[in-house]
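What follows is a single structure, written as structure tokens, with notes after it.
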Amino acid sequence: MTSILAVDMGYGYTKAVADTSQRFITPSLVGPSESIRFESDVVKANGSAIEVHVDGRRFFVGEQAELQSASASQTLDATRTGSLEQKALFYAVASELVGTKDNALSIITGLPVADFDERNKALLCAMLEGPHIIERTGKHQRAFTVENVYTLPQAMGSLFTLVLDKKGKLVDGDLAAGRVAILDVGMLTTNLIMVDRLRYVETGSDSITVGMGEALGKIAKDLKRQHSLDWTLQMSRVDRAVRARHVEVYDERVDISDMVDKHLTAIGDVIISKARSLWGAGADLKAVIVTGGGARELTTHVERAYPHTRQMGAGDPQFGNVVGYLRAGLRRFG
């Protein structure tokens, strides 16, 4: 039997969901493995560090890369498609969600609108398709073959989350039959997609290189200037501070809400300006769906322009796309 695995390898975070309903998320950070001279077993969570073997090399992934790798990278351009770094992220996912008895997989994944072309789809398929042997330090080996790869424009996943159920069956025919706009706010890019009766509309879709990463970079500079916190190379740490709206400075909690709101408003204005150029006032739309890692931070801003805005629910909006990938995969392959 072929198992189904949905993977969303974003610039900020890599998310995945298996047909067993298991979920996984990690910062999209990859760095060369380093020798660790001492590790304590007092904090149990420290035992979940990810070290994978890829094409004869060893890599740390996620928090372990951020903490321990001297040259951890978070590539912020399309050249990562099909790269060794992206393969390490996929192996990290597989080491968590693929069972030791699984021998065949169908993968459903996505690409940003700007990168959704035949060249990038071919690069992604070449990296994913075929046999794989996953070796991760501290875990049993996984060996499987990827038989099918189904690639979608990234933001389409969130629409499938809303119109399909957990078995891939249509449950919201009204939304599926309508005209819908989707704003997918990621780390590097914001994807804007127009869909008419589940058909991708080229003229109403685009991608801009504005996302949460731009705001996080400016907030990191302010944190360094105002509070001597040099986190400019630790964007996942800045991201956590933005969500919490505070930081610890000399063991005291400092509120950073005003700093955060200033920079989020700036990128929100740019995103709304682009949305209006594509969709106008949106009067003919059934809904404007906001999804992605920036959904929680920017939905209120979008609502001012589009009162029929809907934020992805059902838990973390970061999983909005990948849950939809899985449901589309179950409909196609399951």
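The values are calculated or read from the model by the stated rules, or taken from the named source; none is laboratory data. Keep in mind that what you see is a predicted model, and the values were worked out from it rather than measured. Here Cβ is always computed from backbone atoms with ideal geometry, including for glycine, and neighbour counts include all displayed protein chains.
For this structure, a couple of remarks:
- Test: residue in the range 213-225 that is of a type outside the set (Lys, Arg) and assigned to a loop (DSSP other than H, G, I, E, B): no
- Filter result for ARG310 (farther than 25 Å from VAL238 by Cα and touching a helix residue (DSSP H, G or I) at 6+ places or on another chain (Cβ under 9 Å)): yes
- Residue list for the range 1-26, filter: at pLDDT below 90 and out of contact with any Ser or Thr (no Cβ under 9 Å at 6 or more places or on another chain): MET1, SER21
- Applying the criterion of being without any contact (Cβ under 8 Å) to a residue 60 or more places away in the chain and either basic (Lys, Arg) or assigned to a helix (DSSP H, G or I) (or both) to the residues of the range 291-309, the residue that is surrounded by the most Cβ atoms within 10 Å (Cβ to Cβ) is THR299.
- Scope the range 114-145; condition in a helix (DSSP H, G or I) and small (Gly, Ala, Ser); matching residues: ALA114, ALA122, ALA126
- The combined condition, being among the aromatic types (Phe, Trp, Tyr) and either under 22 Å from TYR11 (Cα atoms) or without any contact (Cβ under 8 Å) to a residue 12 or more places away in the chain (or both), is fulfilled by TYR250.
- Test: residue in the range 271-290 that is basic (Lys, Arg) and either surrounded by 14 or more Cβ atoms within 10 Å (Cβ to Cβ) or in contact with a Phe, Trp or Tyr (Cβ under 7 Å, 6 or more places away or on another chain) (or both): yes
- Some residue of the range 222-239 being small (Gly, Ala, Ser), at positive phi and outside the structural domain of LEU29 (by TED's automatic domain parsing): yes
- The residue list LEU285, LEU326 contains one member that is of a type outside the set (Gly, Ala, Ser), outside the structural domain of ALA18 (by TED's automatic domain parsing) and either over 30 Å from LYS169 (Cβ atoms) or part of a helix (DSSP H, G or I) (or both), which is LEU326.
- Condition broken by THR265, with the remaining ones in (1) within 21 Å of the chain's Cα centre (by Cα); (2) over 18 Å from LEU198 (Cα atoms) satisfied: (1)
- Residue list for the range 201-241, restricted to those being hydrophobic (A, V, I, L, M, F, W, C), within 21 Å of the chain's Cα centre (by Cα) and within 23 Å of ILE182 (Cβ to Cβ): ILE208, VAL210, MET212, ALA215, LEU216
- All strands (runs of 3 or more DSSP E) inside the range 47-113 with 3 or more residues being of a type in the set (A, V, I, L, M), assigned by TED's automatic domain parsing to the domain that holds THR20 and at pLDDT 90 or above: 104-111
- Any hit, the range 188-210, residues being in contact with a helix residue (DSSP H, G or I) (Cβ under 7 Å, 6 or more places away or on another chain), within 28 Å of GLU96 (Cα to Cα), crowded, with 17+ Cβ neighbours inside 10 Å and of a type in the set (A, V, I, L, M): yes
- The range 112-149, subset of a type in the set (A, V, I, L, M, F, W, C) and within 11 Å of VAL98 (Cβ to Cβ), residue surrounded by the fewest Cβ atoms within 10 Å (Cβ to Cβ): ALA143
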